[in-house]
Each structure stands twice: as C-alpha cells, then as structure tokens.
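The values are calculated or read from the model by the stated rules, or taken from the named source; none is laboratory data. Fair warning: this is a prediction, and the values are worked out from it, not measured in the lab. Neighbour counts run over all protein chains shown; Cβ positions are idealised from the backbone, glycine included.
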Amino acid sequence: MGFIIRHRLGNEDDQPDLSVLSALLDELDSPDEEHVSVSIQDDSGWTFAVYVSGGVTWENVEDDPVRPRHMEGVPRSRTLELALAVAAGDLAMVEREPWLPGYF
C-alpha cells in the first residue's frame, strides 16, 4: 500500500521515508495563517490531516458516503503515531480512535 504526504505549502511527496513524518508535523510550528495543515493519504483516499490548532481530521476523499470525522487537542506524539499507522496501512488502528462527526 502506498501513501503521499502533503506539506504545509501544498507540495506533495510520494512514498517518502517514514522518518520524514516527524518533520512534516514540525512544519506546523511556524506561524502561517493561510497554510494551516499537513496530511498523509493512502492509495484508497483515506486522509489524515493535522492542523496548527492541534485538531485532526480523518476522511476518505475518494468515497463520498464516508463522512469526515475529527478530534481536537491531540498531542503531537499521538498525531505522529496515527500518521505512521496510515503510512503502514493500519487503518483499523486509526478507526479505533474516539472520532467526532464532521470537521472541528
């Protein structure tokens, strides 16, 4: 299973080394009111996005009936674990989180 990451400024990397995920999240530490998130997406469209606010979203951008979900105040260490799970194809781990419906 493959994945891509989207950097804060919108550029993408296909199948990067997993070691870059921590640096991807670090991009959220610098001030920028226009670019507020980074994300990782698997080949089937499941997308885990992390926001400057500490909120995260989980949605399938390829499957309209699947509604987006979110959590707020997620610690950086947990966001890294979830991003690594998406990269590894362990979507079941991400699904077990206490998601709330919709966007935050």
- Inside the stretch 54-78, the number of residues satisfying the requirement of being within 18 Å of Pro98 (Cα to Cα) and either among the basic types (Lys, Arg) or surrounded by 13 or more Cβ atoms within 10 Å (Cβ to Cβ) (or both) is 16
- Query: How many residues are more than 12 Å from the chain's Cα centre (by Cα) and surrounded by 12 or more Cβ atoms within 10 Å (Cβ to Cβ) when one looks only at the stretch 2-17?
  - Reply: 2
- Residue check: is Leu100 at pLDDT 95 or above and touching a His at 6+ places or on another chain (Cβ under 8 Å)? yes
- Task: Kindly check whether there is at least one residue in the stretch 63-71 that is within 12 Å of Ile40 (Cβ to Cβ) and part of a loop (DSSP other than H, G, I, E, B).
- Result: no
- Tell me, which residue of the stretch 1-46 that is assigned to a loop (DSSP other than H, G, I, E, B) and among the acidic types (Asp, Glu) is farthest from Pro75 (Cα to Cα)? Asp43
- In the stretch 30-71, what residues are acidic (Asp, Glu) and either under 19 Å from Met93 (Cβ atoms) or out of contact with any Lys or Arg (no Cβ under 7 Å at 6 or more places or on another chain) (or both)? Glu33, Glu34, Asp42, Asp43, Glu59, Glu62, Asp63, Asp64
